[in-house]
1. Name the strands (runs of 3 or more DSSP E) wholly within the stretch 517-587 that hold at least 1 residues that are under 30 Å from VAL644 (Cβ atoms) and touching a Phe, Trp or Tyr at 6+ places or on another chain (Cβ under 8 Å)?
2. When the residues of the stretch 209-225 are filtered to those that are in a helix (DSSP H, G or I) and open to solvent by 50 Å² or more (accessible area, probe 1.4 Å), which remaining residue is modelled with the lowest pLDDT?
3. Are any residues in the stretch 74-103 of a type in the set (Gly, Ala, Ser) and either at pLDDT 95 or above or farther than 18 Å from GLU165 by Cα (or both), and if so, which ones?
4. Of all residues being farther than 30 Å from SER601 by Cβ and of a type in the set (Phe, Trp, Tyr) in the stretch 625-671, which is least open to solvent (accessible area, probe 1.4 Å)? Just the residue, please.
5. Please find, among LEU299, LEU228, the residue that is crowded, with 21+ Cβ neighbours inside 10 Å, closer than 29 Å to ILE330 by Cβ and touching a residue at least 24 places away in the same chain (Cβ under 8 Å).
6. Modelled with pLDDT of 90 or more and either farther than 30 Å from ALA11 by Cβ or open to solvent by 70 Å² or more (accessible area, probe 1.4 Å) (or both): does that describe ARG178?
7. Give the residues of the stretch 439-495 that are open to solvent by 50 Å² or more (accessible area, probe 1.4 Å) and under 19 Å from VAL617 (Cβ atoms), sorted by residue number.
8. Going through ARG271, ARG288, ARG283, ARG265 one at a time, which residue ends up being closer than 30 Å to ALA661 by Cβ, surrounded by fewer than 16 Cβ atoms within 10 Å (Cβ to Cβ), out of contact with any Gly (no Cβ under 8 Å at 6 or more places or on another chain) and among the basic types (Lys, Arg)?
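The values are calculated or read from the model by the stated rules, or taken from the named source; none is laboratory data. On a predicted model such as this, the values are computed, not experimentally measured, just so you know. Cβ: placed from backbone, ideal geometry, glycine included. Neighbour counts: every protein chain shown. Ligands, DNA and RNA are stripped out before the accessible areas are found, and what is left, the full protein with its side chains, is counted by its heavy atoms. Shrake-Rupley method; radii C 1.70, N 1.55, O 1.52, S 1.80 Å.
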Amino acid sequence: NAVLLRPLPYAEPERLLAVGSASQRAPGVRNAVSYPDFVDWRERNRTLEAIAVYHSATLTLTGAGAPAHLHGQVVSAELFDVLGARPQLGRVFTRPEERGGARYAAIISHGLWRQRFDSDPHIIGRALTLEHKPFEVIGVMPPGFQFPIQAEPVEIWVTPALDFEAPVEPGKQPVTERRGYRYLDAVARLKPGVTLAQAQAEMAGVAAALAKEYPDNNTGNGIILIPLLRDLTGDYRQALGVVFAAVACVLLIACANLANLLLARASARQRELAVRAALGAGRVRIVRQLLTESMLLALVGGWCGLLLAWWGQESLLRFLPEDLPRLSEIALNRQTFGFSFVVSLLTGVVFGLAPAWRAARIDLNEVLKDGLRGASADAGRAWLRSALVVAEVALALMLLIGASLLVQTFARLKREPLGFDARNVLTASLSFSETAYAKPEQKIAFIQQALERVRALPGVASASAVLPLPLSGDGVGGSFEFVGRPAQRGDEPTTQVRWVSLDYYRTMKMSVLAGHDFTARDDLKATPVAIVNRAFVKKYFHNENPLGKQMSLPIGVRADSTVFQIVGVVSDVKHWKELGRPAEPELYLPYAQLPFINQMSLVVRTSVAPAALADDVARAVHTLDGEAVLSDVKTLEQYLGNAVSQPRFSALLFGLFALLALLLGAVGLYGVVAYSVAQRTREIGIRLALGAPRGAVLRLVMRQGMSLTLLGVTLGLLASYALTRLLKSLLYGVTPTDPLTFATIALLLTFVALLACWIPARRAMKVDPLIAIRCE
């Protein structure tokens with residue numbers, strides 16, 4: 001409900017779209033947008049009411065008490081118009097404010113206004129200093145407003161004015177003027193009456209026009225529009241759907257058990273109901289009485305389920321992945337209470353109706369005859385109870401097979417080689433002021449000095465820095481050309497790019513397979529160098545020797561520093577959170593030759609518990625620069641845990657439901673066989689009195705239960721073969737129709753069913769013929 005069903009907390013959320021560029025290589029994947037492309041999209045479209053772009057930023061606030069590092073978003077002027085949001089105080093941005101002025105504009109969250117500024121009613125117009133620049137507060141958002149929806153709430157929104165001033169690379173244009181620099185996410189609102197297909201068609205035309213006008217940057221790039229809610233929940237939509245399907249199956253099994261119990265109870269009350277009918281009770285009145293009883297059972301069970309959910313929700317939330325969208329909104333509320341009530345009511349009616357209707361079909365003469373009891377009186381209901389048991393077994397088998405596949409996926413991902421050693425590694429995102437460290441030499445010196453101080457700490461074995469950090473989910477892709485091997489426009493080779501400091505491979509315990517590591521001589525004055533991974537060599541060199549080869553990248557701090565020489569090859573590593581994702585070409589560049597980034601991630605290998613050094617590392621950095629931002633302090637094993645959190649979540653919940661289904665199915669089978677034994681006590685007694693061996697009685701009862709089981713297993717295998725294909729995108733290292741899994745689970749369920757049948761069958765063997773016949 002919280003993640004998939006509840007509308008987004010914005011005005012008319014069904015008209016909101018996530019917008020992005022899409023390459024020909026992956027047409028369905030939404031990629032980032034450049035600012036010049038966004039400006040053209042904004043001006044040329046006729047189907048979107050408004051469109052805006054945004055990107056995250058950590059902003060250092062000074063001059064208002066102790067320095068603070070705020071989680072911020074850099075947004076274009078129309079963002080709040082797109083969302084249909086209005087400030088509680090003040091106003092939203094205007095388009096001229098995108099380029100700045102004497103003061104930059106800022107809008108703050110309600111939480112920041114309350115905590116940092118004591119809910120000052122005169123906050124509008126107040127001057128702030130962010131990143132050593134003058135800002136003015138022009139608005140305060142209402143309580144609960146959040147955009148984008150993420151685990152860490154946004155505290156402040158500013159315009160791209162700083163982006164207009166700060167070039168990503170010294171001596172080059174600002175990022176807002178570089179069409180090939182794609183770093184922004186985009187969101188738009190459809191005009192009333194316009195469909196998604198109409199907007200997509202128009203934007204495809206805009207993309208084609210831009211490709212003709214700017215072939216160097218836009219050839220092969222399209223535009224993709226995705227409903228915002230679907231884009232937000234895309235990674236978890238199928239996983240949550242599968243878990244909800246498992247819940248529905250368990251509910252059906254429980255309801256089948258309930259129906260069987262009601263059938264058995266109605267059979268035991270045949271004489272009572274016959275007496276009621278003889279005294280004038282009509283069929284409708286008897287059905288109404290029995291339905292009332294089943295609904296009462298269902299509603300009481302529903303309330304018990306709600307109490308259990310309320311008691312266990314905190315425990316459940318601890319198992320959910322940290323990056324699950326709208327995690328903070330998950331709670332028991334009116335919708336979940338209403339849903340539970342309606343489901344309880346419906347199950348009571350639907351699964352109580354058949355037993356009640358059959359119980360009301362009473363033949364007074366037959367039922368009231370003395371001695372006519374047992375199997376013959378109950379024959380009309382036996383087929384229905386048997387059908388319910390078969391359905392239970394089939395559903396339980398489907399859940400067990402699905403759970404087994406998901407558990408195997410989780411186990412294989414946990415064992416997947418990472419290419420580095422994640423144990424005893426502390427990580428932290430380090431960002432520093434672009435103004436205070438404007439020159440390349442200053443950036444290099446700051447990172448080197450920070451690492452020297454960290455390396456000097458007791459318990460630190462080695463330390464380095466990298467961007468982006470492995471397993472963080474971040475990536476920087478780019479196109480390049482090999483010197484002497486020009487590529488066709490729009491078909492240039494691509495690679496993921498990583499910036500690293502000295503000792504990175506030693507700190508991460510990665511293997512250098514050929515060539516050598518970066519050295520202290522690889523600085524601004526030296527020939528630019530690069531290291532590639534094995535996947536890069538396999539894709540672009542077909543396993544030939546890449547050492548000494550040169551490649552051209554459109555980055556560098558000097559005009560002549562865009563050609564890099566490959567000096568080493570390292571092992572493939574798992575950089576993405578999706579551990580099952582194949583290794584991609586990776587290019588490692590030394591930060592000492594490309595110091596235009598004012599952010600790196602520290603990686604610190606320790607000889608003690610990494611978390612114990614977190615405060616020491618922070619102090620070491622802040623003694624060098626008190627305004628440097630050290631955030632996301634985690635161990636690398638925590639990132640690894642987050643990477644497997646989604647498959648762990650799916651395997652855990654699906655596995656719990658499957659075990660519950662197995663238990664319910666076994667109980668249902670046991671109940672049917674036990675009831676059948678009780679109903680056939682007279683028959684069994686007569687068989688034994690006439691000389692039937694007790695083993696024959698055992699086989700008779702076992703055959704009844706196992707025939708139902710084998711029929712259910714057969715139907716379950718057929719259904720599983722068709723339905724487990726829906727799990728394909730959630731699986732890794734195992735096929736949806738793995739024969740060993742199917743056979744193992746079928747045997748397991750058969751064994752459990754055998755045990756469930758054996759207990760009442762053994763009781764039937766012990767029937768005393770004299771007592772059984774005398775009772776009848």
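1. Ranges flagged: 529-533, 563-570.
2. Step by step, filter the stretch 209-225, then rank; the result is ASP216.
3. Passing the criteria: GLY84, ALA85, GLY90.
4. That would be PHE654.
5. After applying the criteria, what remains is LEU228.
6. No, not satisfied.
7. GLN448, GLN449, GLU452, ARG453, ARG455, ALA456, PRO458, ALA461
8. After ruling out the rest, the residue left standing is ARG265.
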